[in-house]
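Only one structure is covered here, and it is reproduced in the block below.
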Amino acid sequence: MTRHDNAQGRYLYLTVAGVEYRVYYEETGRGIPVLLQHTAGVDGRQWRHLLEDEEITANFRLIAYDLPYHGKSLPPVSEEWWAQDYRLTQSFLTDFILGLSKALELDRPVFLGVSLGGYIATDLALHHPEAFRAIIGCEASNDLHGLDSPFFHHPRISDGAKSAQMYDAMGPESPEACKRESTWLFAQAAPPVMLGDLYYVCVEHDLTGKAEKIRTGGTPLYLFNGEYDWVMPPSHGKELADRIKGPKFKMMPALGHFPMIENPSEFRKHILPVLDEIKALGT
Amino acid sequence: MLAIDSERLVRMVNGDPEFQSAARHWNATVGLNLGSGTLVLTFKDGALADVGPGDVSSASIRMTASEQDWREFLKRVPKPFYQGMLPAVARQGFALDGDLEAWTAYYGALSRVFTLLRRAMNA
């Protein structure tokens, strides 16, 4: 008998800032909706292990999407995108996430993001907490200025070299097959995507003087950083959490910058209790 | 001082399919200041041609750290941010200079050398 994954994929059309995008997403499960945001320079496949976790999907509807220009979400047909530099902005990312939630008719979903997703998690917690019942940001920090190296989009440096660097952002004891799958995905992004994504991550995102304004009373905020995440060390995540009133912060031992794909069985140990807590809130 | 079996390392590296793929067309010298000594790796046409003590200052890519830091870096499971060159440079004070474009382009090849060295030293 043929064995299928539980996740099913489809496309929807979403207009953001006047431009229509054909957006790919995969979903599985039923119950409280959870939007899953991938990291910079990759796509929603990073979430495939969580999507197959039946202990989670019994109570949660997991939705993993590809941002435009990532994975199966192609650049928009109405734009001469090839004549422009690809650049992800906070404004676009925010409008996209809120627009996707509305298009899918989600009732105050949980937002769970890693790296780029962790940054936008904190920006959503600051600007749009009412749109979510809980926000979980992994590998977040106050800012990441200066790590947008031009070598991320360089004609003499291959996408394979980029993915080799990503390997070292993961924990040394994470399963080798998982780490290799993670780097495989990085090697598949279109050449300008990583550096373009880092415009939001490394230039725009900055919670200096803003983190203190995040209110977690109506929308719980959870922050996690992996012990081996050199990009966003746990000390940076803790420093950010200490400036916010009421978040729950935890360091994830042995994990690195891509916890959901580099070591899914360890990552779920941290996420399951949080999702149980959110379920118990019942709002 | 770090004890590195150069001949064995050359055999391991050149016999490794992943290194062979990542190092295609690579010609460079990588000089490592190990605190108590030096190691210069010479790559020719995608193979590790020679390893041994030498003049690090004339190498095209140079990395410097204390012997203690290199020992941690080469452990099977190192402490956080010693797990690779990038984290070690960014968070543990390893100095890197020289041809950074080539270092980035051949990051996978050089990382593989360190992985094999790590494996040999922890066998």
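The values are calculated or read from the model by the stated rules, or taken from the named source; none is laboratory data. Since we're looking at a predicted model, the values are computed, not measured. Here Cβ is always computed from backbone atoms with ideal geometry, including for glycine, and neighbour counts include all displayed protein chains.
Listed conditions (1) at positive phi; (2) touching a residue at least 12 places away in the same chain (Cβ under 8 Å) are all met by A:Asp168, apart from (1).
Please enumerate the residues belonging to region A:248-264 that are surrounded by fewer than 24 Cβ atoms within 10 Å (Cβ to Cβ) and either farther than 21 Å from A:Ile278 by Cα or in contact with a helix residue (DSSP H, G or I) (Cβ under 6 Å, 6 or more places away or on another chain) (or both). Working first, answer last.
Here is the first cut: in region A:248-264, the ones surrounded by fewer than 24 Cβ atoms within 10 Å (Cβ to Cβ) are A:248-251, A:253-254, A:264.
Scanning region A:248-264 gives A:Phe249, A:Met251, A:Pro253, A:Ala254, A:Pro264.
A:Ala125 - would you say it is aliphatic (A, V, I, L, M) and over 23 Å from B:Ala88 (Cβ atoms)?
Values: aliphatic (A, V, I, L, M): yes; over 23 Å from B:Ala88 (Cβ atoms): yes.
Here the answer is yes, as A:Ala125 does meet what is asked.
In this structure, does B:Val89 turn out to be within 23 Å of A:Glu227 (Cα to Cα) and over 14 Å from the mean Cα position of the chain (by Cα)? For B:Val89, the condition - within 23 Å of A:Glu227 (Cα to Cα) and over 14 Å from the mean Cα position of the chain (by Cα) - is not met. For A:Thr57, the criteria (1) closer than 20 Å to A:Glu105 by Cβ; (2) of a type in the set (Val, Ile, Thr); (3) in contact with a Phe, Trp or Tyr (Cβ under 9 Å, 6 or more places away or on another chain) hold in every case but one, which is (3). Restricted to helices (runs of 4 or more DSSP H) entirely inside region A:176-283, those with at least 3 residues that are in contact with a strand residue (DSSP E or B) (Cβ under 7 Å, 6 or more places away or on another chain) are A:234-243, A:264-281.
Mind checking which helices (runs of 4 or more DSSP H) fall wholly inside region B:7-123 and carry at least 3 residues that are within 27 Å of A:Ala187 (Cα to Cα) and modelled with pLDDT of 95 or more? Step through it out loud before you land on a result.
Values: elements: B:17-22, B:67-73, B:85-91, B:100-105, B:107-121.
Of the helices (runs of 4 or more DSSP H) lying wholly inside region B:7-123, those with at least 3 residues that are within 27 Å of A:Ala187 (Cα to Cα) and modelled with pLDDT of 95 or more span B:17-22, B:85-91, B:100-105, B:107-121.
Here B:Thr115, B:Thr104 are screened, and the one residue that is surrounded by 20 or more Cβ atoms within 10 Å (Cβ to Cβ), free of Cβ contacts under 8 Å to residues at least 40 places away in the same chain and not acidic (Asp, Glu) is B:Thr104.
Answer yes or no as to whether A:Ser182 is of a type in the set (Ser, Thr, Tyr), closer than 24 Å to B:Thr104 by Cα and out of contact with any Cys (no Cβ under 8 Å at 6 or more places or on another chain).
Details: of a type in the set (Ser, Thr, Tyr): yes; closer than 24 Å to B:Thr104 by Cα: yes; out of contact with any Cys (no Cβ under 8 Å at 6 or more places or on another chain): yes.
Yes, satisfied.
Conditions (1) under 17 Å from the mean Cα position of the chain (by Cα); (2) under 22 Å from A:Lys72 (Cβ atoms); (3) away from chain B (no Cβ under 14 Å), marked per residue:
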position: A:Leu124; (1), (2), (3): yes, no, yes
position: A:His127; (1), (2), (3): no, no, yes
position: A:Glu130; (1), (2), (3): no, no, yes
position: A:His153; (1), (2), (3): no, yes, no
position: A:Ser163; (1), (2), (3): no, yes, no
position: A:Ala169; (1), (2), (3): yes, no, no
position: A:Ser174; (1), (2), (3): no, no, no
position: A:Met194; (1), (2), (3): yes, yes, no
position: A:Asp197; (1), (2), (3): yes, yes, yes
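Looking only at region B:27-40, count how many residues are touching a helix residue (DSSP H, G or I) at 6+ places or on another chain (Cβ under 6 Å) and surrounded by fewer than 20 Cβ atoms within 10 Å (Cβ to Cβ). Residues flagged as touching a helix residue (DSSP H, G or I) at 6+ places or on another chain (Cβ under 6 Å) and surrounded by fewer than 20 Cβ atoms within 10 Å (Cβ to Cβ) within region B:27-40 amount to 3.
Looking across region A:151-196, the residues that are basic (Lys, Arg) and surrounded by fewer than 16 Cβ atoms within 10 Å (Cβ to Cβ) come down to A:Arg156, A:Arg180.
When region B:32-90 is filtered for residues that are of a type in the set (Gly, Ala, Ser), touching a strand residue (DSSP E or B) at 6+ places or on another chain (Cβ under 9 Å) and within 14 Å of chain A (Cβ to nearest Cβ), only B:Ala88 remains. Considering region A:128-150, the residues that are surrounded by fewer than 18 Cβ atoms within 10 Å (Cβ to Cβ) and out of contact with any Gly (no Cβ under 9 Å at 6 or more places or on another chain) include one that is farthest from A:Phe258 (Cα to Cα), namely A:His128.
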